[in-house]
Amino acid sequence: MASPWLDTETKALLKKSPPLKLAPPDTSAFSLILLSLYRYDVSRLLRAVARIRSDTDFDFSKRLRQKLPIIVKDGLSHNDALVGQFELISCDAISVYIPDRVIRNATCEYLNGLFDTLLKSEEFAESKIEIDAIPDDEKGHEFIDQFLGKRHQIPSTLRVPYKKARIMAYWGNRIGGRIRLLAGSRLPS
């Protein structure tokens with residue numbers, strides 16, 4: 001699984017989350033776990049999950065009707081788990097990756113406490129981002145598709161998880177747009 005958006009800087013922005021301490025890159029296999037849906041477009045989310053799973057026949061829409069958290073996919077390499085987390089946060093879906101061995105061996109109480117702690121991380125706190133302009137070119141259209149969906153008006157101000165806001169600001173400005181994280185926008189969850 002690869003993503004043209006996942007350069008070294010974006011990986012660094014993704015790795016700022018607490019799961020890195022729990023999931024060192026030398027672990028052999030990871031589970032990508034969907035913890036929460038912020039605001040999301042079902043079709044974009046299902047498209048992202050299909051890319052993560054490399055399995056277009058799997059019906060994830062049935063899984064979405066279950067109580068969260070749910071495992072999107074297990075047995076992922078560290079890089080694929082990172083790409084998967086990026087795909088999901090792009091769709092306003094909050095996820096973490098945890099070593100498979102932890103998921104298999106931990107009690108439900110431990111996992112529920114872990115997931116609750118991770119959800120309260122400032123990485124997932126609500127933030128405001130202002131989008132003044134996105135270039136009307138191929139990269140701009142790809143940016144809108146990746147982070148906003150086709151039916152989005154610009155300029156606009158959005159509330160998104162802090163992790164997504166940082167990545168959007170980085171990429172939006174890199175492709176020639178004008179995007180900024182509003183000062184003091186990290187709001188308590």
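Pairs, please: C-beta under 9 Å, at least 6 apart or cross-chain, first residue part of a loop (DSSP other than H, G, I, E, B) and in segment 45-57, second at pLDDT below 85?
Matching pairs, first to second residue: SER54/MET1.
If you take the residues of segment 67-91 that are under 11 Å from LEU34 (Cα atoms) and out of contact with any Ser or Thr (no Cβ under 9 Å at 6 or more places or on another chain), which of them is surrounded by the fewest Cβ atoms within 10 Å (Cβ to Cβ)?
At the first step, the residues of segment 67-91 found to be under 11 Å from LEU34 (Cα atoms) are 67-73, 84-85, 88-89.
Keeping just the survivors that are out of contact with any Ser or Thr (no Cβ under 9 Å at 6 or more places or on another chain) gives 67, 70.
Details: LYS67: 5, ILE70: 14.
Selected residue: LYS67.
The values are calculated or read from the model by the stated rules, or taken from the named source; none is laboratory data. Quick caveat, the model's predicted, so the values are computed rather than measured. Ideal geometry is used to build each Cβ from the backbone, glycine not excepted, and the neighbour counts take in all protein chains shown.
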